[in-house]
Structure formats: structure tokens, C-alpha cells
Amino acid sequence: MIKTVQTTPYSDQKMGTGGLRKKTKVMMQPNYFENFIQSIFNTIGNLQGKVFVVGGDGRYYNDKAIQQFIKMAAANGVSKLIIGQNGFLSTPASSNVLLKNKTDGGFVFSASHNPGGINGDFGIKYANETGGQIPTSISDKIYENSKHITEYKIFESPDIDLSKIGSSKLGDMQIEIVDPVSDYVEMMQQIFDFESLKQLFKKGFKMKFDAFNAVTGPYAIRIFEEILGAEKGSVINSNPLPDFGGKHPDPNMTYATELLAIMNADDAPDFGAANDGDGDRNMILGKKFFVSPSDSLAILTDYYNIIPAYKNGIYGVAKSCPTSTAVSRVAKAHNLGYYEVPTGWKYFVNLMDSKRITLCGEESFGTGSSHIREKDGIWAVLFWLSIIAKTGMSVEQITRDHWKKYGRSYYLRFDFEGLETTVADKLMADLEAKLPSLAGEKFAGYEVESAHPFIYNDPVDGSSTKNGLIVNFKGGSRIVYRLSGTGSSGATLRVYLENYQTQKLDENPRQMLDEILQAAMEIAEITKRTGKKEADIVT
Ligand code: VG1
Ligand code: CO
């Protein structure tokens, strides 16, 4: 039975950098989730014949949300849903299923690297037929729709059993439950040389992978332990739990404490890695050694031709604006096309579809390629393992070798969290207004060469996006300021600092960035305006 439910709009259903992300309790308000899904359906229009992929990272409220989604899809005339078994699909796996089956879109219920649980966050990522998350032009329409919604449609039925692989029907809609892991594994086997990776582990290579009790556990166990032969226990926190066992599934130096302790011990394994809640981010570690994500992108790009899928050549490479300039030097050396886009993976999609780029990445622990249209955590780990297998070098040697060849971009991101939105907005507006007057000024001994907002003109669809403010110093150092678009409360100011050196390759990043940090604080009047003397999180 199809039921039409009367509803009243919520005013805050605007998608940010990675979809709609809210406190779980906000998402659980009456009709909140349903309003948003109906707004998407309304925006798409006629759903006859449409097929969507659905899954999530297993966090709290996933089970309820997926059931509601299935019933709403059936009531709105969707023809078919492809659903990950038990409601699980990582973001990269979802993009793969979406593209492989040429479906019309995909939904991942996840707040990515944000904590889960009833007191954590919940989110909705919506991709269209490109396999990537929708452009702002579409999310704006959905937002408009959400502000005027008066009713939604839902099929009245008992919950669907998601535990068994196979096909069934709800009303006229077909439901196909698929193994969330197998297609993904197959794709990885097509990209990388699994035989050489098996040899690596046969020789006694040791790794630890932290899945933070989120979605990547089953993928990592299957690939690293069962197929490649890494010893049992190589994957830690591998059991997906609704609250991630209380962990904050953000693979960085602040939250990956368990893995960092393992990798900093004297008996550390050769290699360490972690993924975020929905499996699109990665952190790479060696024995007592951390690889900055911006360096990681540059290093992967430098080694593209050792990977079977890329050995015949790649189109080009792109990074988000705040990501360090390391990859630009590799692009130049290999004579590759090079692009800089605003923060958010969706901006890479057009570049991949138009064959301008193959590889891309962000400083926020995201790297990927055009095999799908999302960043891909396990892909990045397999790429690193491939470089190690090929070169016989350690993570640290590979990275140091890179610095010797190209110089080193010392890089850190400083996050000022929990700011009042009005304070943060004014800080950015005032800073933008004074950028033109900064050229030639000196701060903490650094002279400003140029300062301007980052504006991206998409070469494919002609859209223009302004995101972030850049201050360039003489000598190659720079600051990028921007406000986060993924928070679920208040505002976060992100300050990205880079200091490029060709001779000093072995210094402490924090020290190398200390003066630029002072300059950054001074230029944006951070302490005066926010009361904060230092950043809350440094990654
Ligand atoms: C952050 C990162 C950005 C990333 C986004 C989604 O956005 O900075 O690089 O694309 O999260 O990541 P923001 O607006 O808070 O800086 V994920 O792992 O949610 O998909
Ligand atoms: Co994520």
C-alpha cells in the first residue's frame, strides 16, 4: 500500500562538501530523513525505469534509514534498488556498483570520518549517474525543494530482510541484495598486480590496517588477509559497529592513536594504514614514519607506470586547492596535464569524465583515480604496497627519495573548531576584502607576493566556484584559508600551511611552519576574532 504522509519542511537541508551531514539526533527528527529523500526524488522527477544503489557504513540509524529509503523508493516508482548485504557498502564500492551496473545514482548513508552513534553524526551522500556526488547546481535544487515540501510517499510494508543475497520485490520495485565486497575486490584485481603483492607478504612483509570498526573491515580482511596473505590480525578493529566502538573513524595523526602507537613501537610492522568510516580516506604510515597525504598523491603519481592499469599512460592529475603543491612538480616532470579544483571530490568528476585526469587527491587524506568517481582508501593502500613490492624500499625510503628528487613541501592543516558561524563568516569576508592590500607586506619575516580568492572555472560545464583565500609568499610558501563544509554544528576555520624547501629535507614540519603560522594568525586576526590562541586540531 502506498501512503502519502503530510509533512512540514525543515530549513537546514543544504548539502555541504560531502552530502548532507547532521547530528544523528537531528536526522532522527520526525520526517527529517524522509523529507530530504523525497526532495531528491522530486528533483529527479520521473522515477520510472530508474535504478539506484544503496548502502551505508553501518553507523547508528543506518538500519532504520535504509528501510525507510527502500519503502519510499518503492512508493515513488523507482524500478530497482541494488543494496549491499546488511545495508553495507563503502563509498568507493558504491561508486563501483553504480558504474558497473550503469545505474542512475547511488546513496551512501554515512557521515564519513565523523563519529557515529546516537550522539554522533549521520549523513547522506548522493551520487548521480556519473558515479560521483552531484554538482552544486543539483544540490541547490534539492535544497529549494526541501524548503517547500508538503508530503512524501512511502510504501507500507514490514521491513525488508537485507541479510540474504538475491532478488525480491516490494510492490513493483525490484530489490537485489549484493555482496558488498566481491565486485570491489574484482576491480582492485584488475588495477593492481596481486601476484607481486602476494610475493611481498610471502617474504614476511608485515602490515597493520585500522578499519576503526567501520565499513572497511570486511573489505580489508578479504583483500589483505585472505587474498594477499597478510598474517591474521593484520586488520584491526575490523568488525563494523553502529558506534564504531566509540572510535572517531578519521585516519589522521589526531584520531588514529591505536595504529600510531603500533607504528611508533620498536617492533613496528613495515607498513601501517587506516581508512575512514565510509572507506574513501586513507592514511599511510611506515615504521615511525608518517606520509603527508599531499606527498602521497605526488608519490603515487610519480610511480603510475608500475601499476598495470596505468602503465600505458595516464591522462593527467588534479589536486584540491589547499593540497600542497608537491604533485604539481611531479606532473611537470612527467609532462602530465595538471588541474587545481575546489575542495570536494565532486569537482574531479568532470575532469575524469572528459579524460583530462586519471589520478587526483586532497590533503584531507583522500586519493583516488578514474576507476570510480570517489576517493578510494583501499586503492591507495594497494598502490603503496605495489610501490614497496616493486622498489623493495620502505615507506620512509620512498618518501625521502621523493623529497630528494623534487624538494619537500612541509605541510600541515590547522583547524579552529566550534566557532560561531557569524564570527567565522565575518573573518572570511573581512579577510577577503583586505587581500589586495597585502601584496608587499611582511608578516613574521615573510613577504606577501600575491593574495586572492581561489576561483575555479570548470572547463567542462563552465560553472564557476569560489572557495578559499590564498596568500602566497615570496620563496614558495603559502597559506590557504577556508571554512569547512562538513561540520554538523558551528563553523570550523581551516588554515592550510605550506613551506617548500629544496635543501632542508629533514626538519620538523611544525617548526618549519611556525613562522607562517604566526603570519597566518596575524593576517586573519584569528585570536582577536575567535579568542583562540591555537588550533584545536593539527593534521
Ligand atoms: C572535508 C575535507 C575535504 C573532503 C570532505 C569530504 O571537507 O576537507 O577535502 O572532500 O571533507 O570527505 P570540509 O569542507 O570539511 O573541509 V569525506 O571522507 O566525507 O567524503
Ligand atoms: Co569519507
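The values are calculated or read from the model by the stated rules, or taken from the named source; none is laboratory data. Nothing here was measured: the structure is a model prediction, and the numbers come from that model. Glycine also receives a Cβ, built like all others from the backbone with ideal geometry; neighbour counts cover every protein chain displayed.
Tabulated values for the structure
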read-out: Matching residues in segment 244-267 - criterion: being surrounded by fewer than 19 Cβ atoms within 10 Å (Cβ to Cβ) and under 15 Å from SER234 (Cβ atoms); value: GLU258, ILE262, ASP267
read-out: Residue list for segment 309-337, restricted to those being among the aliphatic types (A, V, I, L, M) and surrounded by 17 or more Cβ atoms within 10 Å (Cβ to Cβ); value: ALA309, ILE314, VAL317, ALA318, ALA326, VAL327, VAL330, ALA331, LEU336
read-out: Filter result (closer than 17 Å to LYS64 by Cα and among the acidic types (Asp, Glu)) within segment 154-176; value: GLU156, ASP159, ASP161
read-out: Enumeration of residues in segment 351-362 that are more than 10 Å from the chain's Cα centre (by Cα) and within 13 Å of ligand 1 (Cβ to nearest atom); value: CYS360
read-out: Segment 101-127, residues that are out of contact with any Asp or Glu (no Cβ under 6 Å at 6 or more places or on another chain) and more than 22 Å from LYS64 (Cβ to Cβ); value: ASN101, LYS102, THR103
read-out: LYS375, sole failed condition from (1) buried (at least 22 other Cβ atoms within 10 Å of the Cβ); (2) over 26 Å from LYS100 (Cβ atoms); (3) within 16 Å of ligand 1 (Cβ to nearest atom); value: (2)
read-out: Lone qualifier among LYS125, LYS100 - being within 16 Å of ligand 2 (Cβ to nearest atom) and within 22 Å of the chain's Cα centre (by Cα); value: LYS125
read-out: Residue in segment 23-35 that is touching a Phe, Trp or Tyr at 6+ places or on another chain (Cβ under 6 Å), within 16 Å of ligand 1 (Cβ to nearest atom) and under 19 Å from ILE66 (Cα atoms) present; value: yes
read-out: Candidate set from segment 72-112 (those that are under 27 Å from LYS25 (Cα atoms) and touching a Lys or Arg at 6+ places or on another chain (Cβ under 6 Å)); member that is farthest from ligand 1 (Cβ to nearest atom); value: ALA75
read-out: Single residue of ALA451, ALA520, ALA524, ALA535 found to be of a type outside the set (Asp, Glu), away from ligand 1 (no atom under 15 Å from the Cβ) and closer than 30 Å to THR399 by Cα; value: ALA520
read-out: Subset of segment 476-500 that is in contact with a Gly (Cβ under 7 Å, 6 or more places away or on another chain) and at pLDDT below 95 - its residue that is farthest from LYS405 (Cα to Cα); value: GLY490
read-out: Enumeration of residues in segment 87-111 that are closer than 17 Å to MET352 by Cα and either crowded, with 24+ Cβ neighbours inside 10 Å or without any contact (Cβ under 8 Å) to a residue 60 or more places away in the chain (or both); value: PRO92, SER95, ASN96, LEU98, LYS102
read-out: Top-ranked residue in segment 512-533 [being touching a residue at least 24 places away in the same chain (Cβ under 8 Å) and part of a loop (DSSP other than H, G, I, E, B); ranked as farthest from GLY19 (Cα to Cα)]; value: LEU513
read-out: So ASP270, is it touching a Phe, Trp or Tyr at 6+ places or on another chain (Cβ under 6 Å), charged (D, E, K, R) and either closer than 24 Å to GLU396 by Cβ or free of Cβ contacts under 8 Å to residues at least 12 places away in the same chain (or both); value: yes
read-out: Count - residues of segment 389-398 that are touching a Phe, Trp or Tyr at 6+ places or on another chain (Cβ under 7 Å) and buried (at least 16 other Cβ atoms within 10 Å of the Cβ); value: 1
read-out: Index of the failed condition, ASN252 passing every other in (1) within 14 Å of ligand 1 (Cβ to nearest atom); (2) more than 20 Å from VAL395 (Cα to Cα); value: (2)
read-out: Test: residue in segment 77-94 that is assigned to a loop (DSSP other than H, G, I, E, B) and among the β-branched types (Val, Ile, Thr); value: yes
read-out: Candidate set from segment 47-71 (those that are of a type in the set (Lys, Arg) and in a loop (DSSP other than H, G, I, E, B)); member that is nearest to GLY279 (Cα to Cα); value: ARG59
read-out: Residue check for ILE40: touching a helix residue (DSSP H, G or I) at 6+ places or on another chain (Cβ under 9 Å), among the β-branched types (Val, Ile, Thr), under 30 Å from TYR219 (Cα atoms) and more than 16 Å from ligand 2 (Cβ to nearest atom); value: yes
read-out: Single condition ILE124 does not satisfy, out of (1) under 30 Å from ILE387 (Cα atoms); (2) in contact with a Phe, Trp or Tyr (Cβ under 7 Å, 6 or more places away or on another chain); (3) β-branched (Val, Ile, Thr); value: (1)
read-out: LYS247 being within 16 Å of ligand 1 (Cβ to nearest atom), in contact with a helix residue (DSSP H, G or I) (Cβ under 6 Å, 6 or more places away or on another chain) and farther than 20 Å from MET188 by Cβ; value: no
